[in-house]
Amino acid sequence: MPARPAPIRTDGSNPFARRSMAERLPRIVQDTLQRNPDYPASINDDLRRLRDDLAADASLRRPRRPAPDGDLWRRRFAPHAGETWLGTEWFFSETLAYRLVLDACRYWSTRRDPFALFKREERHSEALWDTLGGVLEAAAGERRPGERLREHLVGALWGNRMDRSVQQSLDQGTAAADAHLLANDCSAAIDHLLVGEPGAVHVLMDNAGTEEALDLATADCLLETDLARQVVLHVKMQPVLVSDATGRDVLAMLEAMAERGGRPEALAERLNGHLQTGRLRLAPDFFWSTAGRLWELPPRLHESLADAQLVIGKGDVNYRRATHDAVWPAGATLAEAVKGFPAPLLSLRTIKSDTLVGVDAETTERLDAEHEHNWRTTGTYAVAQFAE
């Protein structure tokens, strides 16, 4: 296999990455300040320092030590020592910035999620319950297991638009035209599941809120139809990227479903039962809060995922893990990009950054002409791609 292309950088060679680091990230830090008005002066000062460092292209700095993820960040930071926020790899610097937000907020001393209010707003929005209800209704009835799962997978895919760190995507909601789905390999992934005895399906989760609720409904479908023997939900060990799901967020969503009544309450009851029996598992890990690639898994994750019948990778951040967060030449496939990953992978992603594989050149050239290249960063378009 030829060498993977170099990852996207913040130095201006990719305008969206530079704008994201110089403008969007400082704005998110400022929003975090405003949504936590009771933070003491010392936390406010540290958040302002980080906000200003990002905008001013200051030197990168390592997370504070000691910390439970200190060794992980020591290894990841070393190749970037001496670089600045606007002169480094985008994926690395983005995850580092969010890790420094946790330092500023004293997360490991207080366990207070600085993004909790963002997530709470989403969890209690009527739009979430309308979307979940629509998918549950569409997948209900006397339908074959594969047909039910297809409804859930497509619903979970468009749920990825509901990303609190990308307002342009969030504002579009989950409704989409068929033409917005540029690749759809859901049928191939379902056919793969239907061969042989049911095994373990692992889900690399992305956003809390609407997407999380739809992911939980997908897990329920897999278990209730016996398309999977077990479902493992891989979540973040700590808050990151504003709305990414932690184990605490999943449990809060189950509580909200139970309080909602009706179909959501029944869904929560089934899922809680599966948690008790072990058919559904939560697997938080620090790795998912870094820019680690899918072929760089630590042994504890590699061994687990190698036994999976299918891995469902959700969202833009896990797609960036699969593609080296790089701009690939026309004709490149997901299988090429993710070579070294130990299991069949179904990637469900609304497109919010420039990395992309598996879409033909004619389509990308047409969209470039129609949208002046901006279509890759808005979440309007999506892919469901399978690499066996």
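The values are calculated or read from the model by the stated rules, or taken from the named source; none is laboratory data. Bear in mind that the values here come from a model prediction, so they are computed numbers and not experimental data. FYI the Cβ positions are ideal-geometry reconstructions off the backbone, even for glycines, and counts take in every protein chain you see.
Key figures for this structure:
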read-out	value
The lone exception for Ile43 - which of (1) outside any helix (DSSP H, G or I); (2) over 25 Å from the mean Cα position of the chain (by Cα); (3) of a type in the set (A, V, I, L, M, F, W, C) it fails	(1)
Residues (among the polar types (S, T, N, Q) and over 22 Å from Ser353 (Cβ atoms)) located in the range 36-95	Asn36, Ser42, Asn44, Ser59
Residue in the range 190-201 that is in a helix (DSSP H, G or I), under 23 Å from Ala116 (Cβ atoms) and in the same structural domain as Tyr319 (by TED's automatic domain parsing) present	no
Those residues of the range 132-165 which are out of contact with any Asp or Glu (no Cβ under 8 Å at 6 or more places or on another chain) and of a type in the set (Val, Ile, Thr), in sequence order	Val154
Failed item, numbered, when Gly196 is tested on (1) in contact with a Gly (Cβ under 9 Å, 6 or more places away or on another chain); (2) farther than 20 Å from Gly273 by Cα	(1)
Selection within the range 160-189 - surrounded by 20 or more Cβ atoms within 10 Å (Cβ to Cβ) and part of a helix (DSSP H, G or I)	Ser169, Cys186, Ala189
Count of residues meeting criterion [more than 14 Å from the chain's Cα centre (by Cα), part of a strand (DSSP E or B) and polar (S, T, N, Q)] in the range 206-244	1
Neighbours by Cβ (under 6 Å, 6+ apart or cross-chain): first from the range 68-87, farther than 19 Å from Leu54 by Cα; second in a helix (DSSP H, G or I)	Asp69/Phe286; Leu72/Phe286
All positions within the range 162-184 that are touching a Leu at 6+ places or on another chain (Cβ under 7 Å) and either under 28 Å from Leu223 (Cα atoms) or at pLDDT 95 or above (or both)	Met162, Asp163
Test: Gly247 is closer than 27 Å to Phe92 by Cα and among the small types (Gly, Ala, Ser)	yes
The range 186-199 residues that are under 10 Å from Leu149 (Cβ atoms), paired with ones that are among the polar types (S, T, N, Q) (beta carbon under 8 Å, 6 or more apart)	Leu193/Gln309
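This table checks each residue for (1) buried (at least 16 other Cβ atoms within 10 Å of the Cβ); (2) of a type in the set (Phe, Trp, Tyr); (3) not assigned by TED's automatic domain parsing to the domain that holds Leu170.
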| residue | (1), (2), (3) |
| --- | --- |
| Phe92 | yes, yes, yes |
| Cys105 | yes, no, yes |
| Arg123 | yes, no, no |
| Leu132 | yes, no, no |
| Leu136 | yes, no, no |
| Arg144 | no, no, no |
| Glu147 | no, no, no |
| Gly155 | yes, no, no |
